[in-house]
Amino acid sequence: IVASFGERVLAGLKVVVSAGPTYEDIDPVRFIGNRSSGKMGFAVADAAAQAGAQVTLVAGPVSLATPQGVSKRIDVRSAAQMHAAVTEAAAGAHIYIGAAAVGDYRPNEVAPHKLKKQNGQDLSLQLAQNPDILASLAAQQGHPFLVGFAAETQNVESYARDKLQRKGLDMIAANQVGDGLGFETADNAITLYWADGSAQLPRADKAVLARQLVDHVASRYRVQRG
Ligand code: CTP
Ligand code: CA
């Protein structure tokens with residue numbers, strides 16, 4: 001469809017991208033995290049900047065260099081910190097692309113000192129649910145065009161379409177995790193879904209996929225928001 005590599009399809013638009021995992025602290029030396037490397041989100045931020053957008057990148061704990069052309073990077077650790085940073089950055093933005101793997105739960109309380117092992121006993125952690133960043137943006141008046149990601153291990157299309165609808169998104173990028181694809185890998189394969197359409201982006205380097213994703217986001221944005 002719109003293979004406009006190198007065109008400034010997002011010129012004049014403010015784009016916020018979230019990337020990477022979140023870490024939810026248990027005590028001063030331990031946390032609950034996930035396998036997101038941040039590579040896909042950083043590639044999307046890079047592609048959006050190359051497409052002419054003014055990009056703010058909100059990054060969870062990753063060891064990746066800021067892509068050239070990204071105007072502002074905000075480093076966060078927890079889902080709550082990411083929620084606050086994205087909410088602030090998204091005010092006045094045209095597009096939010098939520099590529100971060102946001103932790104769904106956090107420990108109810110963070111122990112002030114290192115937890116000590118109780119020999120022979122199981123340990124239970126009580127977890128509280130984190131706010132949904134995308135859904136909370138969708139509930140706001142005048143919110144940006146919203147793009148979510150869905151990494152699934154099964155039933156990719158039905159889970160992705162359900163998230164699209166449930167969270168009030170404009171587009172969702174779904175990928176099957178596992179089999180050398182997805183988290184902690186260089187390659188990915190993505191299907192984009194929106195209310196009345198879809199597009200298949202076959203297995204490729206994350207930088208290539210990110211450019212294609214940005215092209216589709218730009219054209220759907222134009223269709224919906226002029
Ligand atoms: N997301 C978010 N805030 C959260 C959790 C997820 O904004 N607290 C966003 C992610 O950045 C991603 C999208 O929602 O763009 C889908 O994330 P995913 O984990 O697949 O969706 P969940 O609704 O958390 O469903 P589940 O983990 O149960 O599959
Ligand atoms: Ca989740």
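The values are calculated or read from the model by the stated rules, or taken from the named source; none is laboratory data. Note that the coordinates shown come from a computational prediction; the quantities given were computed from them, not determined experimentally. Using ideal geometry, Cβ is built from the backbone for each residue, glycine included, and neighbour counts are taken over all protein chains shown. Remember, those area values only see protein heavy atoms, side chains included, never the ligands or the DNA or RNA. Shrake-Rupley method; radii C 1.70, N 1.55, O 1.52, S 1.80 Å.
Give me the compactness ratio for the stretch 37-133, meaning the Cα radius of gyration over 2.2 N^0.38 Å.
After normalising by residue count via 2.2 N^0.38 Å, the value is 1.36.
Equivalent-ellipsoid semi-axes (√(5λ), Cα gyration tensor) for the chain, whole Å, largest first? Spell out each step's value before the answer.
Working: eigenvalues 191, 69, 58 Å².
After diagonalising the Cα gyration tensor, the semi-axes are 31, 19, 17 Å.
Using +1 at the Cβ of each Lys and Arg and -1 at the Cβ of each Asp and Glu in the chain, identify which of Gly33, Ser219, Ile172 lies farthest towards the dipole's positive end.
Ser219
At 1.4 Å probe size, with every protein chain present, just tell me what the per residue accessible area of the chain comes to in Å².
Per-residue accessible area for the chain comes out at 51 Å².
Normalised by the number of residues in the chain, what is the relative contact order in percent for Cα pairs under 8 Å and 6+ residues apart? Present the calculation step by step, with values, prior to reporting the outcome.
Values: 481 pairs, mean separation 46.1, N = 226.
Worked out over the chain, it gives 20 percent.
Can you put Lys72, Lys206 in order of accessible area, largest first, using a 1.4 Å probe?
Lys72, Lys206
Per-residue accessible area for His113 at 1.4 Å probe radius, Å² rounded to 10?
The accessible area of His113 comes to roughly 140 Å².
Per DSSP H run of n ≥ 4, the term is -39500 (n - 2.57); total these for the chain, divide by its residue number, and report the mean residue ellipticity at 222 nm rounded to 500 deg cm²/dmol. Before the final figure, lay out each step's value.
Values: 5 runs with 61 residues, N = 226.
It comes out at -8500 deg cm²/dmol, rounded to the nearest 500.
Among the lysines, which fall within straight-line cross-link reach of Lys206, defined as a Cα-Cα distance under 16 Å, with same-chain neighbours fewer than 8 residues apart omitted?
Those lysines meeting the cut-off are Lys39.
Evaluate E = 1/(1 + (r/R0)^6) for Arg225 and Leu123, where r is the Cβ-Cβ distance and R0 equals 41 Å; express this FRET efficiency to the nearest 0.05.
0.25
Let a ≥ b ≥ c be the square roots of the eigenvalues of the Cα gyration tensor of the stretch 105-162; is it rounded (a/c under 1.5), or, if not, prolate (a/b larger than b/c) or oblate?
It is oblate, given that a/c is not under 1.5 and a/b is not larger than b/c.
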